[in-house]
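**Q** Sending over a structure as structure tokens; questions will come in a sec.
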Amino acid sequence: EAGVAQSPRYKIIEKRQSVAFWCNPISGHATLYWYQQILGQGPKLLIQFQNNGVVDDSQLPKDRFSAERLKGVDSTLKIQPAKLEDSAVYLCASSLRLTSYEQYFGPGTRLTVT
Amino acid sequence: DQQVKQNSPSLSVQEGRISILNCDYTNSMFDYFLWYKKYPAEGPTFLISISSIKDKNEDGRFTVFLNKSAKHLSLHIVPSQPGDSAVYFCAAREGTNAGKSTFGDGTTLTVKP
């Protein structure tokens, strides 16, 4: 069974530029999560989807971050414009259903904003 | 306000000995707890979990203990192996949204041969 796929693995941009990350969850997993992990900290949930609907986006900085999961499968997270403090690893995870406790994480995208 | 805390950023143990990783939480609504293991350049992988109705769960060399009154859980690894060297994250869930995990900042475990 293929795991959660993410691309790109690394990205370097200048502040005020925009960037997009892509995630393809495990086949059949209805729930998808985007986390931000700043160096030295644990992952922080940004947004949670159930199929193509948003379940929780309370910690998503909506003035600059957006995410979509249009067909209920893969998802895109966008930052526009980026700030220096957005430098982090962006992790995508999926789970079989909303009530599943175990999540499966992708390898992440390391973003550096200069 | 950090609801899940791992107060030891790092831990070093000798191969074959016991590793004990600790985690404290403040939210009494948490009812399920998980430990994830993370190697460099990889995403976290699930290791072991425990429901709040239990005080112990064991899986091979890994055992998680939960003390609800103290809002404290610990992960024991016996015996420790060099391949266990990784960052370990404690995470907690509320029953109202089983999908939403709150993570601690992690403990880096180094197991020396």
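The values are calculated or read from the model by the stated rules, or taken from the named source; none is laboratory data. Because the structure is a prediction, the values reported are computed rather than measured. Note that we place each Cβ from the backbone using ideal geometry, even for glycine, and neighbour counts take in every protein chain shown. The accessibility values were calculated without ligands, DNA or RNA, using every heavy atom of the protein model including side chains. Shrake-Rupley method; radii C 1.70, N 1.55, O 1.52, S 1.80 Å.
**Q** Looking at (1) open to solvent by 30 Å² or more (accessible area, probe 1.4 Å); (2) more than 10 Å from chain A (Cβ to nearest Cβ); (3) modelled with pLDDT of 95 or more; (4) touching a Pro at 6+ places or on another chain (Cβ under 7 Å), which is the one condition that is false for B:H72?
**A** Unmet for B:H72, out of (1) open to solvent by 30 Å² or more (accessible area, probe 1.4 Å); (2) more than 10 Å from chain A (Cβ to nearest Cβ); (3) modelled with pLDDT of 95 or more; (4) touching a Pro at 6+ places or on another chain (Cβ under 7 Å): (4).
**Q** Continuing with this model, one more query. Which of (1) surrounded by fewer than 17 Cβ atoms within 10 Å (Cβ to Cβ); (2) out of contact with any helix residue (DSSP H, G or I) (no Cβ under 7 Å at 6 or more places or on another chain); (3) touching a residue at least 60 places away in the same chain (Cβ under 8 Å) does A:S95 not meet, given it meets every other one?
**A** The one condition A:S95 does not meet is (1).
**Q** Right, another one. Could you list all residues from the range A:76-92 that are over 26 Å from B:C90 (Cβ atoms) and out of contact with any helix residue (DSSP H, G or I) (no Cβ under 9 Å at 6 or more places or on another chain)?
**A** Passing the criteria: A:T76, A:K78, A:Q80, A:P81, A:A82, A:K83, A:L84.
**Q** On to the next question. Looking at this structure, is B:G43 open to solvent by 60 Å² or more (accessible area, probe 1.4 Å) and either within 25 Å of A:Y90 (Cα to Cα) or away from chain A (no Cβ under 14 Å) (or both)?
**A** No, not satisfied.
**Q** Test B:S8 against the criterion of being outside any strand (DSSP E or B), farther than 22 Å from A:G3 by Cβ and not charged (D, E, K, R), and give yes or no. If you could, list the steps in order and put the result at the bottom.
**A** Values: outside any strand (DSSP E or B): yes; farther than 22 Å from A:G3 by Cβ: yes; not charged (D, E, K, R): yes.
Yes, satisfied.
**Q** Given the options A:V55, A:V89, name the one that is crowded, with 16+ Cβ neighbours inside 10 Å and under 16 Å from A:V4 (Cα atoms).
**A** Step by step, each of A:V55, A:V89 is checked, and only A:V89 is crowded, with 16+ Cβ neighbours inside 10 Å and under 16 Å from A:V4 (Cα atoms).
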